[in-house]
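Worksheet for the structure shown next.
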Amino acid sequence: MDTKWRQKLHLEPPVGWLNDPNGLCRFKGNYHIYFQYAPDDINGGVKKCWGHYRSPDMINWEFTGTVLVPDIPEDRDGVYSGSAIVKDGTLHLFYTGNVKEKGDYDYILSGRGANVIHVTTDDGHSMSEKRVVLRNADYPDYCSCHVRDPKLWEENGKYYMVLGARTRSDEGCVLIYESDDLDEWRFARKLSVPDFGYMWECPDMIEIDGRRFLGVSPQGLPHYDTRFQNLFSSGYFLLDDNGLRDFEEWDYGFDFYAPQTFAAPDGRRILIGWMGMGGASYTNPTAQLGLQHCLTLPRELTVSKDGNILQNPIRELENLRGGNIAVSDGERGQLALPFELVGSVKGSFDIDINSSVKLSYDGRMFRLEFTGESLGCGRDARNAKLEQCGDIRIIADLSSMEIYLDGGKKVLSTRFYPEGENVNLRANGIALKGWRLKGMEVHILGK
Ligand code: FRU
């Protein structure tokens with residue numbers, strides 16, 4: 001297969017379509033990343049499967065193949081998103097079995113089934129029989145047919161599951177269930193805020209340093225110049241005794257949605273997102289090469305003094321650093337992809353890439369703008385408000401950029417499609433230095 005635009009630092013499907021990361025965990029000496037996978041449909045379709053990557057160190061990866069496919073009546077139209085939890089030395093996976101009845105339905109209030117299905121695995125790859133633990137009849141009466149994406153966690157010897165949902169009156173919310181044994185689930189409560197989209201997808205209950213956050217990907221928010229600029233949004237609420245508040249977006253770039261977090265054994269909370277956007281007007285020419293989309297870099301989450309989550313690429317990636325590179329202020333340099341560049345911000349600056357992408361900061365706003373048509377494939381501009389910006393860190397792969405600002409306070413992720421493996425970069429008002437990066441090792445073992 002043509003290797004053009006093939007990523008070297010980001011996990012992609014061997015062929016076909018990828019969306020949400022699923023079942024992130026560490027189990028029996030490996031990290032496991034499952035993902036929404038449609039090997040036979042470059043545009044995704046409904047009949048999603050789970051693909052599976054594993055790695056001892058998040059640098060050397062093995063793709064073991066497609067591990068869950070729609071093969072029972074309760075998941076016949078897609079093995080949708082879900083999560084993993086380890087109990088008694090076994091990995092337990094929970095996902096949504098999607099069902100679309102044939103007929104004249106609106107698929108919102110009727111015609112759709114959303115089952116929570118439980119499977120177990122001892123090696124991360126061979127799956128047990130599937131067992132349905134929740135069906136639409138088990139959800140509260142106010143729910144539409146859209147209830148999905150179970151994310152589990154354990155707390156004080158009890159298990160909890162959060163599900164994303166759309167009510168019959170088009171309110172996005174999450175449902176929380178609890179269980180003593182992972183088999184029997186009881187509805188506990190609903191969490192929502194008024195006027196915040198019609199559907200919340202891929203919820204995630206996240207604890208960092210004793211603070212609790214609820215991650216969600218809401219659909220149907222109004223769009224503004226500096227907020228909710230994408231078709232669908234993704235971010236987190238602070239959750240305390242007063243409920244949900246202070247929604248903040250994870251990422252201000254064009255390509256980010258449906259992230260999931262997990263706790264690494266050393267205590268780090270790590271987030272991985274889908275570097276894509278459903279229904280977006282912009283495109284990905286990798287489709288001509290037989291694949292579409294990738295995951296973001298794994299990001300370590302910490303909480304800043306003022307209570308915001310900071311995101312930074314996991315430190316394992318520093319092992320990929322090769323020779324030094326630099327672009328002085330006012331100069332132009334040719335750089336081979338992939339690379340990492342960092343710079344201290346003194347005031348305003350701008351960075352031009354291939355006379356087609358402009359990254360700029362004016363002291364209060366960071367802007368990522370495609371000034372030429374070809375590199376962005378329909379992407380235009382995204383803004384991130386930032387009253388203060390101490391530094392910028394850019395990680396550029398063969399066809400993507402992740403831009404981390406002010407210690408990870410704001411992040412922007414985008415795909416971009418340069419011709420060739422070098423880019424020309426000019427820096428104005430900032431000096432950048434960094435490293436060429438070696439690629440990750442990725443071995444494809446299965447299909
Ligand atoms: C989010 C999502 C999930 C669903 C999955 C299907 O991107 O729509 O809600 O489970 O993708 O692929």
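Give 106, 77, 123 a once-over and let me know the one that is in a loop (DSSP other than H, G, I, E, B) and within 12 Å of the ligand (Cβ to nearest atom). Quick ask: steps written out before the conclusion?
On the way: 106 fails: within 12 Å of the ligand (Cβ to nearest atom); 123 fails: within 12 Å of the ligand (Cβ to nearest atom).
Of the residues listed, the single one that is in a loop (DSSP other than H, G, I, E, B) and within 12 Å of the ligand (Cβ to nearest atom) is 77.
Do we find that residue 446 is under 24 Å from the mean Cα position of the chain (by Cα), more than 26 Å from residue 304 (Cα to Cα) and at pLDDT below 95 in this structure?
Numbers: under 24 Å from the mean Cα position of the chain (by Cα): yes; more than 26 Å from residue 304 (Cα to Cα): yes; at pLDDT below 95: yes.
For residue 446, the condition - under 24 Å from the mean Cα position of the chain (by Cα), more than 26 Å from residue 304 (Cα to Cα) and at pLDDT below 95 - is met.
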Item checked: Unmet criterion (only one of (1) within 16 Å of the ligand (Cβ to nearest atom); (2) over 21 Å from residue 385 (Cβ atoms); (3) among the acidic types (Asp, Glu)) for residue 300 -> (1)
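Looking only at residues that are away from the ligand (no atom under 16 Å from the Cβ) and under 18 Å from the mean Cα position of the chain (by Cα) in the range 260-281, which one is farthest from residue 24 (Cα to Cα)?
268
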Note to self: Please count how many residues of the range 88-103 are more than 18 Å from residue 22 (Cβ to Cβ), away from the ligand (no atom under 14 Å from the Cβ) and of a type outside the set (Gly, Ala, Ser).
What the structure shows: 3
Notebook entry, point to check: So residue 268 clears everything in (1) of a type in the set (D, E, K, R); (2) surrounded by fewer than 24 Cβ atoms within 10 Å (Cβ to Cβ); (3) under 18 Å from residue 203 (Cα atoms) except one condition, right? Which one?
Noted result: (3)
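For the range 307-402, give me every one of the strands (runs of 3 or more DSSP E) that falls completely inside it and has 1 or more residues that are in contact with a strand residue (DSSP E or B) (Cβ under 8 Å, 6 or more places away or on another chain) and farther than 26 Å from residue 278 by Cβ.
It comes to 309-313, 321-327, 332-336, 339-344, 349-353, 357-361, 365-370, 391-397.
Does any residue of the range 305-324 turn out to be surrounded by fewer than 21 Cβ atoms within 10 Å (Cβ to Cβ), of a type in the set (Gly, Ala, Ser), at pLDDT below 95 and more than 16 Å from the ligand (Cβ to nearest atom)? Walk me through it before giving the result.
The first filter runs over the range 305-324 and keeps only residues surrounded by fewer than 21 Cβ atoms within 10 Å (Cβ to Cβ), leaving 305-308, 310, 312-324.
Going one step further and asking which of them are of a type in the set (Gly, Ala, Ser), we end up with 307, 322-323.
Still in the running and at pLDDT below 95: 307.
Filter again for more than 16 Å from the ligand (Cβ to nearest atom), leaving 307.
Within the range 305-324, one or more residues are surrounded by fewer than 21 Cβ atoms within 10 Å (Cβ to Cβ), of a type in the set (Gly, Ala, Ser), at pLDDT below 95 and more than 16 Å from the ligand (Cβ to nearest atom).
Of the residues 163, 175, which is in contact (Cβ under 8 Å) with a residue 12 or more places away in the chain and within 13 Å of the ligand (Cβ to nearest atom)?
Values: 175 fails: within 13 Å of the ligand (Cβ to nearest atom).
Step by step, each of 163, 175 is checked, and only 163 is in contact (Cβ under 8 Å) with a residue 12 or more places away in the chain and within 13 Å of the ligand (Cβ to nearest atom).
Would you point out the residue of the range 228-250, among those that are of a type outside the set (Gly, Ala, Ser) and farther than 19 Å from residue 207 by Cα, that is nearest to the ligand (Cβ to nearest atom)? Reasoning before the result, please.
Of the range 228-250, the ones of a type outside the set (Gly, Ala, Ser) are 228-232, 236-242, 244-250.
Narrowing further to those that are farther than 19 Å from residue 207 by Cα: 228-232.
On the way: 228: 16, 229: 18, 230: 12, 231: 11, 232: 8 Å.
The qualifying residue nearest to the ligand (Cβ to nearest atom) is 232.
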Next item on the list: Kindly indicate which of 411, 423 is in contact (Cβ under 8 Å) with a residue 24 or more places away in the chain and under 24 Å from residue 270 (Cβ atoms).
Entry: 411
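The values are calculated or read from the model by the stated rules, or taken from the named source; none is laboratory data. Just so it is clear, the model here is predicted, and its values are computed rather than measured. All Cβ positions, glycine included, derive from the backbone under ideal geometry; neighbour counts span all protein chains shown.
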